Structures are given as C-alpha cells and as structure tokens.
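Engineer: One structure, as structure tokens, below. Some questions next.
Since every read-out is calculated from the coordinates, none of them should be taken as a lab result. All of these numbers come straight from a predicted model, not from anything done at the bench. Neighbour counts run over all protein chains shown; Cβ positions are idealised from the backbone, glycine included.
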Amino acid sequence: MGRPPKDLESHKELILSLLSQRTEHDEIRRILSIQRGLKIGDSVLRKHIKAWGKSRGDIPPCRDEKLRDSLIMFLFLKQNANEEEILVHLEFQDLAVTPRKLRRLRIDMGLRRRRKLKDARFQDEEIIRIMKEHLSEGVIGDWGLTHLYAYFRRNNIIISRDDIMYGLRVVDPAGVSRRYQKKQHRRKKFLVEGPNAIWSLDAHCKVEIVGIQIYAVIDAYSRKIIWIYVGISARTAVSVVKQFLEFMKEHKIMPDRFRSDRGTETILIADAFHQLCGAQEDRSEENCAIDKCWMFGKSTANQRIEAWWMQLQSSMLNRWVIFFDLLKEEKLFKKDKLADMVAVYAIYMPLIREACYEFVTNWNVHKIRAQKNRPHVTAGKPWFLYAHPSAPAVECGSVPDPSLVDTLHQEVEAYDLHEYLPAATLEWCHERMRSLGFDPATLTAKGLLKEEGLGRRAHGYVFGLLRGEVQQHLNAGNKDPILSLIETPKGAGSWKPSAEAERAFNDARRGEEPEEFMDHLTDQLDDVLVESDDKNYPWEAYASVDDEEG
C-alpha cells in the first residue's frame, strides 16, 4: 500500500504568504518542517502551488524594464552591490524581481562575479599587470584590500580578494607591510539610532600647507560621507554654511543632530540648523534647543569624522603631504609668494579634488566587515546602510522647510564655493601651460606619479615652469591680466546668530559650559556612547569598521 497523499490545504495561508515574499521553495519546505512538523518533497509543493493558481513571487510585470536594467548595471558596477542589496534596492524602487530573474538578467548583461582564466600562469601574469597598471596611476597607491576590491569592481575589473592580495604582495610588499604595522588604538563603542541620527563634521588641515583646505560630513550610523568640500575656504563660516544649505536644497534631508568641534567656522551652520529645527512642527520645543540639536565638543572626541580623516590621510593624502613638504624644503614654494600660490592652485587643486572625490566614492561603496570581538559594529556598505537600515536601526532624518532653506541660502548665494582662482588668472595659467606643451585637461592624478624623483614627476615639472612664468608676469608689472588670488569670503559678522546659538557656542569655546548645558549634553551622549572594556585591536583589522578615535 502506498503512502497517503500530503494534504497542504491547512497550510495554504502560510505557504501563500511566503510565496508573496518571494521565498524560495527550499526555504518554504524548511519552514514547514520546523514550524508545522510537515516534511514534503519539492514536487508535492509545486503541485499544490500550481493547483492554487499561484507561482513563487507572483510579481507583476516590470513597470520600466529599461530603468530596471540600467539600475542593476549601476548597482553592480558603481555601488559594488551584491545580489541581496540589488534585490532590496529594486524592491524599494518598485522594480522588484526574483533572485533567479536577477541572476539571469545580470548574466545576460555580462555582469559576472568570476572570470574564467584557463591558464594559471597567465592568470598570475594578468593579475600583476592589472595591479601595476592601476597602482602606478597614483590615486590608489596606498589603498588596502577592501578599498581596492571595491575600486576594481567599480571599474568593471572582476578580480577576487585573494588575487588582489597576491598582486599586492608581489607589486607593493613594502606597502602591505606598512599597513600591517599601523599603530594600535583603544576604542569606545559608538552606538547610533540609525541613518541621519548624527552627522559629524570637521575640517582637515594636512594640505593647508599649500593653501588647500578640506571639509567633510559623515553619517555616524552608516559611515557614509554625506559631502566633502575641497577648496580654499573650508575654515570660514560663510563657506561651511553654504556647503550645508546647498546640500539641503539638492537632497532635502537633514539629520536629527550635528556633532562638531568648537571651531569658529561652525557658528553659522549651527545657527542655520537650529532655525531649521525650530521650523519643524513635529519637533518639540525642548528638542529644538540648540544644545539638543547641536553637540559641540573637542575635535579629538569627534570620533567618526576624526577616524575617517585617518583613513583619507593614510590611503590618499599622505603622499601629497610628503610631496608638498619636499617643495618647501627645496625652497620651491612659499605660502606668502603670489607666484607660488597661483601655480599651486592652478595645478594641484584639480588633482587633490579628483583624488578626494575618488576616495569618497570608493569609501561609500566599500564593504565594512563584521567583527566577532566587536559585535556592536554595523557591517555593510555605507551607501546601503544609509539607504536601507536594518532593524532595530530606524531612519532619523527629516525634510527641512524649503522656504526657510531658500531664505537662508540667499544670505550666501553670491559666494562661489568651487572657485579657487579668479577666472582671468586661471585662464591665463591654462593658456601658459598649453604654450609650454601641457594640456591642463590631461593634468589629472592618473599617470602623474609614475616617476619617483621630484624632477621627473610631470606635475612637479609643470609646476616649476608655470611658477616661473607667473613670476615673470609679476615682475613685468602684472598687467593684462592682473594675476591675483580669491579673497577669503566675508560676511559672517553681518549674519547675527540667535542668542541661544551664540551662548552655546561661546560657552563651548571657553570650555566653561553651564551645568544645565552639560546635563543636556551628557544625556545625549549617554544615548550614543557606551564605554567599552575591549582590549586593543590592530588598526588594520577594524579601521574601516569601527570609525572612531581612541
């Protein structure tokens, strides 16, 4: 006598619910076995599903196949996204597909995660060739394994992590050894409610030796870089508040709180943010207080952004700092000489901007690894953690009042954030560079650091020639055109901050915060910072994961 047939009618509701969530058949059978004690074969499950007139997913036809395919291409190549992340993002955009359908689409587009190289020797030679070619460009010279993997994926070079590590050990053994020997740091646990709960901002001054300033904002939960500014006025109040207001106008999202040091450039942005908080109807009067929405403190305690500066410095900026120090030692640059400053801005501002933007793009798509000894660390890719937080994390951002943003923006609208030389001066420099046989459009970071000596570097050579041309023009009377620098933006004094913002800022600057202010600040920090009894861990193991400064 054969086995009695399996009756799934009593389990129909559960099975259909799982199907609506696009659950695989194997997973449905596993759930039935664990939760209902029912063990069935795949053919039995398929038979009943067909009898009910259903199929796994039952996803309606895609509303825009062209948009879906372009989004898959973008996520795979530019965002370093895996299958699960692509599926989540497609569903968020109302372009949902099944895992099997996604795999078919990806393969049809030529987006493969593995490449087939039959000859092992050829594979080794190919890996070394790729590593030499890209490391010699200079932009990624000091990047580690995780960043390089994301970089190659973004450039459609399919290469495994093991192959990257093999190539690094062959091509750059000194760099690998240097990264392993980084200083150890003691860390604190840093717990944040979710994306846009806290944005940390600060300036980076390492390349200010040549007048180039950097300012950045990082989301404390996801570690995504919200924006980065590279220019000549990162430490002025007008520049910083305009960076903030332009981001508000474009992206229409603001955090619940800010965290910054006590620099004078923060008073206008703190006041602008305080006003935007006050304009929100769903925000209580208590939470609109300046000490609730803005946390002033020491720069060294601003952990998220300070740790990211260490990443930027070690991975990209350090070689430029060494180069600029060498220029000063060789008496080829003085900050108080107009000819030197004009030549530096004309040549090196575009290069530093390109390098910083490339690193930020790569940072936002690289994978932050999980750590068994630090379970509080949120693993994942910054862009994905920011866009799709997992429970218990929650979205903490809000939409700023657009009319108030426009009103505040008008105060600084005339200032050009991105200008670093007057138009006439920059055009004259470009014309002189072309007459010397160098096209300014080709003077990018790529391919400029192939030679080791200062005299053999293309950009160093062009800098010396242009510096001389500028000095000759100045000696000849500096006429037609008049070469000059951009004036530092003024106007902060005419924008009077609110009394509450000015009081909190001045108290923080003096380091004599009133007891009430400190009580509020302590309450906020209790929700965010928890002391850790962890032992020291090697920086290489968790620098990209636990972005804090000990």
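Engineer: How would you order 89-101, 333-345, 468-480 from highest to lowest mean count of nearby Cβ atoms within 10 Å? List each step's numbers first, then the result.
Structural biologist: Details: 89-101: 15.5, 333-345: 18.5, 468-480: 13.6.
Highest to lowest by the protection proxy: 333-345, 89-101, 468-480.
Engineer: Go through Lys206/Lys252; Lys132/Lys328; Lys12/Lys39 and tell me which ones have a Cα-Cα distance over 23 Å in this structure. Let's see the in-between values first.
Structural biologist: Values: Lys206/Lys252 32 Å; Lys132/Lys328 30 Å; Lys12/Lys39 15 Å.
Cα-Cα > 23 Å for Lys206/Lys252; Lys132/Lys328; rest within.
Engineer: Once the other residues with Cβ under 14 Å from the Cβ of His89 are scored (Lys, Arg +1; Asp, Glu -1), what is the net sum?
Structural biologist: Values: positive: Arg68, Lys78, Arg106, Lys381; negative: Asp69, Glu83, Glu84, Glu85, Glu91, Asp94.
Once all neighbours under 14 Å are counted, the net charge is -2.
Engineer: What FRET efficiency, computed as 1/(1 + (r/R0)^6) with R0 = 56 Å and r the Cβ-Cβ distance, is obtained for Asp42 and Asn155, rounded to the nearest 0.05? Could the numbers behind the result be given before it?
Structural biologist: Numbers: r = 41 Å, r/R0 = 0.73.
Calculated transfer efficiency: 0.85.
Engineer: If we count every other residue with Cβ under 14 angstrom of Ala339's Cβ, Lys/Arg +1 and Asp/Glu -1, where does the sum land?
Structural biologist: +3
Engineer: In what sequence, highest mean first, do 349-359, 408-418 appear when ranked by Cβ atoms within 10 angstrom? Before the final figure, lay out the partial values.
Structural biologist: Details: 349-359: 19.2, 408-418: 15.7.
Per-residue Cβ counts within 10 Å, averaged per peptide and sorted highest first, yield 349-359, 408-418.
Engineer: For Val399 and Ala379, what is the calculated FRET efficiency with R₀ set at 35 Å and r taken between the beta-carbons, to the nearest 0.05? Numbers along the way, then the final one.
Structural biologist: Values: r = 29 Å, r/R0 = 0.83.
Computed FRET efficiency for Val399 and Ala379 comes out at 0.75.
Engineer: Turning to a different aspect of this structure: Among residues other than Glu9 whose Cβ falls under 15 Å from its Cβ, what is the net charge (Lys/Arg +1, Asp/Glu -1)?
Structural biologist: +4
Engineer: Right, something else. Within segment 263-278, which residues have the backbone N less than 17 Å from the label spot 7 Å out from Asp406 along Cα→beta-carbon, could you tell me?
Structural biologist: Residues passing the 17 Å test: 276.
Engineer: Give the long-range amide H neighbours of Lys381: residues separated by 5 or more places, or on another chain, with amide H under 5 Å away, using H modelled in the peptide plane at 1.01 Å from N.
Structural biologist: Counting only residues 5 or more places away or on other chains, the set is Ile368.
Engineer: So, one more: How far, in nm, would the chain grow between Glu13 and Asp416 when pulled straight, counting 0.36 nm per residue and subtracting the alpha carbon separation? Before the final figure, lay out each step's value.
Structural biologist: On the way: separation 403, 0.36 × 403 = 145.08 nm, distance 6.10 nm.
So the chain would gain 139.0 nm between Glu13 and Asp416.
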